[in-house]
Amino acid sequence: MLRPRLIPCLLLREGRLVKTVRFRDPSYVGDPTNTIRIFDEMEVDELLFLDIGAGREGRTIDWKLLEGIATECFMPFGYGGGVRTIEEMGRLYTLGAEKVVLNTAAYDNPALVSRAAERFGSQSVVVSIDVKADVGRPYVYVDGGRRRTAADPLDFAKRMAEAGAGELLLTSIDRDGTFRGYDVALVERVASAVSIPVICCGGAESLEGARAGIRAGASGAAVGSMVVYQGKNRAVLINYPAPKELREAFGAGST
Amino acid sequence: MSTPVAIVDYGIGNVSSIRNMFQRLGVLAEISSDPKVLASAERLVLPGVGAFDTGVSNIRSRNLGGVIRAHAVEKKRPLLGICLGMQLLFEGSEEGSESGLGLLAGAVRRFPPEPGLRVPHMGWNEITLTETATLFRARKDDAFGELTRPLSYYFVHSYYVDPKDPTDVAATATHGVTFAAAVERGNVYGAQFHPEKSHKYGMLCLKNFSETQAC
């Protein structure tokens, strides 16, 4: 049986690996290539790279960096950041990415999700949904958390699933980098409303915390700070549970 | 000059990941769609992601069917099909109407619908080797002897192979049904999973494959 996945979500900015808190204050955590080698040695389930600089200030996808990443990645990986067109998606798959993550482009142009699913198969199209509460109500944000949309996360998740997304990356901006645990209520609402896998993201503090996301219905748990920092004083240390530990924590589920 | 490993490029699937892993293992692997290059290879890898009929027609339009068949049947050289590439070794698929290469007897079937079972079967799953398996088995004398958990591989597929001869099955996995995760028949090998995306577990298969010889 398939086991739920524990997925390091790594943020790129100008070719370096960074980590944010509530999508702000990126601090340097290391070199992407070295980090991938360490994660490969640790047998991680899957990696997710999000370039938080791409698509901003005229910067586009850093193809050279991604080629380097693909050469070292002996595990499935997804990429997001600045992706706007079918052609760019095709190039990413050819390079070796299993999945491409769409965020702003999926909101502004849902037809891109449908066309990509038709062309490349829905399993390779991930829509990322960034959620933040505003006066007590959750909204979908795009443009790296800088633009609030009118969309409700639940409605948007259903729309994206209908459009052909194969997976949703559901991130709580409020919890990002805070070690406060996932927004479990949000995960539960979204995962029960769609039939495609949901990956929860934002706030995981421990393997136990990651389990809470899985119990809430997520098929995978994305982790950031937890795998790049040691302890809450944020000393940089790349880490990942041992295979045995992971098997015992997650067991075999059917997702 | 013969090439130790050639990866068949027929416009479907991700060939560079497979080459990257061979490269890491120190094995020279060439990506090619040139029948001459493929004909001179000691070992062939047939990759592939996508639809069965697209795979068949891409092989046909590039005139590669004859080269692959000659390699496996006449020269008896090692051939490894991966994912769709493995399915194409069989006679046909429920996914399409085209005939496969027919190097192995049997069909390709869709996962039967079952409540709570997600298709595609996507993610890490453990495989169980059959007694006769060779390619997917760690040996004591290699660097992969000490694997830390049961053999676990990354899968993405909606169809699985159903070999006519049960002795062709080299490993099984379970997703609703128990299916052939890997096959072996003489010099013809197939993996439903993606060794090139399965860390050292994948390296183990590709390393063993790079050491196979014509029968």
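Working note: Karplus 6.51/-1.76/1.60 with θ = phi - 60° gives the stretch B:127-135 the couplings 10, 10, 6, 8, 4, 8, 4, 10, 5 Hz, where Gly and Pro are set to x. This model, with +1 at the C-beta of Lys and Arg and -1 at the C-beta of Asp and Glu, gives chain B a dipole about its Cα centre of some 380 debye. DSSP finds beta bridges in chain A, and of those with both partners inside it, around 35 percent are antiparallel. What is the antiparallel percent of DSSP beta bridges lying wholly in the protein assembly as shown, to the nearest 5? Once the DSSP bridges in the protein assembly as shown are tallied, antiparallel ones form about 45 percent. The helix-only estimate of mean residue ellipticity at 222 nm for chain A, built from DSSP H runs of length n ≥ 4 each weighted as -39500 (n - 2.57), is -9500 deg cm²/dmol after division by the residue total.
With the simple model of a label 7 Å out from the Cα in the direction of the Cβ, A:Ala133 to A:Asn109 spans 3.5 nm. Using C-alpha pairs below 8 Å separated by at least 6 residues, the relative contact order for the stretch A:15-141 is 16 percent. Out of the GluC sites (Glu not before Pro) in the stretch A:1-106, which ones are loop residues according to DSSP with at most 10 other C-beta atoms within 10 Å? Those satisfying the criteria are A:Glu57.
Note on the stretch A:36-126: with charges restricted to the Cβ of Lys and Arg (+1) and Asp and Glu (-1), its dipole about the Cα centre is near 420 debye.
Let me test this: with uniform point scatterers at the alpha carbons of the stretch A:97-187, what is the Debye-based log₁₀ I(q)/I(0) at q = 0.11, 0.19, 0.20, 0.25 1/Å? The Cα Debye sum returns log10 ratios of -0.30, -0.84, -0.91, -1.26.
Averaging Cα coordinates gives a centre for the stretch A:44-60 and one for the stretch A:218-237; these two points are 18 Å apart. Positive end of the dipole of chain B (Cβ unit charges, origin at the Cα centre): among B:Gly116, B:Ser198, B:Val56, the Cα lying farthest that way belongs to B:Ser198. Go ahead and run the numbers for FRET between A:Ala193 and B:Lys164, Cβ-Cβ distance against an R0 of 45 Å, rounding to 0.05. Calculated value: 0.55. Label reach from B:Asp53 (point 7 Å along Cα→C-beta): in the stretch B:86-100, amide nitrogens under 14 Å belong to B:93-100. Sequentially through the stretch B:66-80, phi angles give Karplus couplings (6.51, -1.76, 1.60; θ = phi - 60°) of x, 5, 5, 5, 4, 4, 7, 8, 7, 7, 6, 8, x, 10, 10 Hz, Gly and Pro residues having no value and appearing as x.
Averaging the sequence gap over all C-alpha pairs within less than 8 Å and six or more residues apart, then dividing by the number of residues, gives the stretch B:1-75 a relative contact order of 39 percent. First select every other residue whose beta carbon is under 12 angstrom from the beta carbon of A:Arg37; then total the charges, Lys and Arg +1, Asp and Glu -1. Residues close to A:Arg37 contribute a combined charge of -3. May I ask for the distance between the Cα centers of the stretch A:157-202 and the stretch B:1-79, given as a whole number of Å? Between the Cα centres of the stretch A:157-202 and the stretch B:1-79 lies a distance of 40 Å. A convex hull fitted around the alpha carbon atoms of the protein assembly as shown yields 138 Å³ per residue. Take each residue of peptide A:36-42, count the partner chain Cβ atoms within 10 Å of its Cβ, and average: the result is 1.
No value in this document is a laboratory result; all are computed from the given coordinates. Predicted, not measured: the structure shown is a model, and the values here were computed from it. Please note: Cβ atoms are built from the backbone with ideal geometry, for glycine as well, and neighbour counts cover all protein chains shown.
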